[in-house]
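Q: Just passing along the structure, written as structure tokens.
The values are calculated or read from the model by the stated rules, or taken from the named source; none is laboratory data. The model shown is predicted, which means the values in this text are computed figures rather than measured ones. Neighbour counts run over all protein chains shown; Cβ positions are idealised from the backbone, glycine included. SASA here: full protein model, heavy atoms, side chains in, ligands and nucleic acids out. Shrake-Rupley method; radii C 1.70, N 1.55, O 1.52, S 1.80 Å.
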Amino acid sequence: MSATSFGLVGHPPDGSVLPFLHRALMDLAGISDTYQIIDPPAGTPMREMMPQLENLAGYTCGEIYQESIIPHLTELDSSARICGAVNTVCQKKGYNTEYLALIKTCPDLAGHRILLLGAGRISRIMAFAAAAAKAELWILARRPEQARQLADDVQKSYQDCKIHCPDDLDEWLAAIKSEPPAGSSKPDGFCPWALLNGTPVGSWPHLSDLPIPAEYLSHFCWIYDTIYYPAVSKLALAGRSRGIPAWGGQGLLFNQALISQQIWHPEITFSDAGLAAVYRKLSRALLERFPQTLILNGFMGSGKTTIGEALAANLGLPLTDLDQAIEKESGRSIPEIFAASGEAFFRDLERRILAQVLQNGHSQILSVGGGALIDPAAEKIVRNAPALVIYLDTPLEKIMEWVGDGAGRPLLHQKDPGHLEELYLKRQPRYQEMADFRVSGAGLPAQVAASIAAGLDMNGG
């Protein structure tokens, strides 16, 4: 191996984009060095691996080696000492760039009470970061004994840190039941709550899962989720939809790799435009490796097809129109299906085609008819698929302008004009209930598409 070789030591998880990300950053900087995967046989002692690793200019450590590497290094950066784990090595000095990236991308932990979900590797990093910031820490894990062990480890280094380990969510709720929710006036000395998620709940392919019920999110002033597939989890989107600042894990993933590269190549300056381009490439890579469907939902005439075309161009994804897929499958137009077979037949066909489209194995934009997701059976199909629902909340007056006399729309054609408003008001609560992300559909299609891409952290931000 040359002295300009870098690598990842350990077996990367299936679908890992870390090697791709490092190579993209090196290409951006014009670095011709290699980045390779070094995957020793299971159980290989670290001492036997060190001669090979010392031929590398730098390397990242997989999770199973992040503690065992420490005795073989000559120096530890403060980030590694705080966490007791090393994920990046340069000239036999160990760093933890996940910790450094967390500090860079997460809001200030100081002055907060932190509810930390999970007690695994990434939760450990967040726990030590919270303790270092002198935040009060509540650790809630599926296995309470694991949470208590993490609390003990943190307490050894930060004896003054206030740490609680509730056995379940009800115990935490009992402690805060008399507190005002985030956004309301607080008494003097009140310490606000923030939420950190270190669990995999809500990650691909179970995008609809939440690690904490949505109704409890109002207690938090901000939310930070470490899941990066999808780039913004349902937890983060649920927070944003309630006006709560929320971050997904893609920024953490991106920045920990960037910081590693800056440690290995301190002489290199990365341009903001170049980093934004790599960030977009990362988004695309994640969409390729963890396929998901972005469903555009909303009332008829809300712009789902035109906005879908703009979003597909923005994200480089194919667009599927559910109504067109139904017409292709049946060989009849939607009005013909309604006229010959009735709405009940059409809805059964619609659900069957919806299920097929959602299981095609690649990422896509899906535009659905205004009534496609109204029925609970359709919602079940969506929630069992790797999909997120985007509600185009288009004002009624704009819809009336676009729909016209309802020609080609069986539920409107030759109906009283007041029928459209009645149907709109009837369906709107259901659209809001189904939405993982909500955006106004009243702007130009390209503008709405850009807002969606930004809201899903897919625009290089």
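Q: Residue by residue through the stretch 368-374, which ³J(HN,Hα) values in whole Hz follow from phi under the Karplus form 6.51 cos²θ - 1.76 cosθ + 1.60 (θ = phi - 60°), with glycine and proline marked x?
A: Result, rounded to whole Hz: 10, x, x, x, 5, 10, 5.
Q: Once you have all Cα-Cα distances for the stretch 131-282, histogram them in 5 Å bins from zero and send the whole-percent values.
A: For the stretch 131-282, the pair-distance distribution reads 2, 8, 14, 16, 18, 17, 12, 8, 5, 1, 0.
Q: Still on this structure, I have one more. Quick query: amide H of Trp193 versus all other amide H atoms, modeled in the peptide plane; which residues come in under 5 Å with a sequence gap of 5 or more or a different chain?
A: Under 5 Å from the amide H of Trp193 lie the amide H atoms of Arg113, Cys221, each far enough along the sequence or on another chain.
Q: Share of the chain's accessible area from carbon and sulfur, percent, 1.4 Å?
A: Accessible surface attributable to carbon and sulfur in the chain totals 51 percent.
Q: While we're here: Under a Cβ-Cβ cut-off of 11 Å, what is the net charge of the residues other than Ser440 that fall near it, where Lys and Arg count +1 and Asp and Glu count -1?
A: Value of the local net charge: +1.
Q: Measure off 7 Å from each Cα along the Cα-to-Cβ vector at Ile268 and Lys177, then give the distance between these two points in nanometres to one decimal.
A: Result for the modelled spin labels: 5.5 nm.
Q: For the chain, what is the accessible area per residue in Å² when the probe is 1.4 Å?
A: Counting only protein heavy atoms, the per-residue value for the chain is 44 Å².
Q: Show me, for the stretch 136-142, the HN-Hα J-couplings you get by feeding each phi into the Karplus relation (A = 6.51, B = -1.76, C = 1.60, θ = phi - 60°), rounded to Hz, glycine and proline as x.
A: Karplus values, whole Hz, x for Gly and Pro: 7, 10, 10, 10, 10, 10, 4.
Q: Under 5 Å between amide hydrogens, which residues at least 5 positions from Thr226 or on another chain qualify, with H placed 1.01 Å from N in the peptide plane?
A: It is Asn197, by chain and number.
Q: Which is the longest run of the chain containing none of the chymotrypsin sites (Phe, Trp or Tyr not before Pro) found in DSSP loop states (not H, G, I, E, B) with at most 16 other C-beta atoms within 10 Å?
A: 271-461
Q: Pairs to check: Lys177/Lys380; Lys234/Lys328; Lys304/Lys328; Lys93/Lys162. Give those whose C-alpha atoms are more than 26 Å from each other in this structure.
A: Table pairs above 26 Å Cα-Cα are Lys177/Lys380; Lys234/Lys328; Lys93/Lys162.
Q: Kindly write out, for the stretch 84-93 in residue order, the coupling ³J(HN,Hα) from the Karplus curve 6.51 cos²θ - 1.76 cosθ + 1.60 (θ = phi - 60°), rounded to whole Hz, with x marking Gly and Pro.
A: For the stretch 84-93, the Karplus-derived couplings read x, 8, 10, 10, 9, 10, 9, 6, 6, 10 Hz, x marking Gly and Pro.
Q: Would you mind counting up the charge near Gly371? Only other residues with Cβ under 9 Å from its Cβ, with Lys and Arg at +1 and Asp and Glu at -1.
A: The answer is -1.
Q: Moving on to the next point. Please report the antiparallel percentage of DSSP beta bridges with both residues in the chain, rounded to the nearest 5.
A: 10 percent
Q: What accessible surface, in Å², does a 1.4 Å probe find on Ser157, ignoring ligands, DNA and RNA and rounding to the nearest 10?
A: Per-residue accessible area (Ser157): approximately 80 Å².
Q: Would you grab the residues whose amide H sits under 5 Å from the one on Asp393? Only those 5+ places off in sequence or on another chain, please, with H modelled 1.01 Å from N.
A: Val439, Ser440, Gly441
Q: Any idea what the alpha-carbon Rg over 2.2 N^0.38 Å comes to for the stretch 262-301?
A: For the stretch 262-301, the normalised Cα radius of gyration comes out at 1.92.
Q: May I ask you to compute the full-extension gain from Arg332 to Arg148, defined as 0.36 nm times their residue separation minus their alpha-carbon distance, rounded to one decimal in nm?
A: The Arg332-Arg148 span can extend by a further 60.0 nm.
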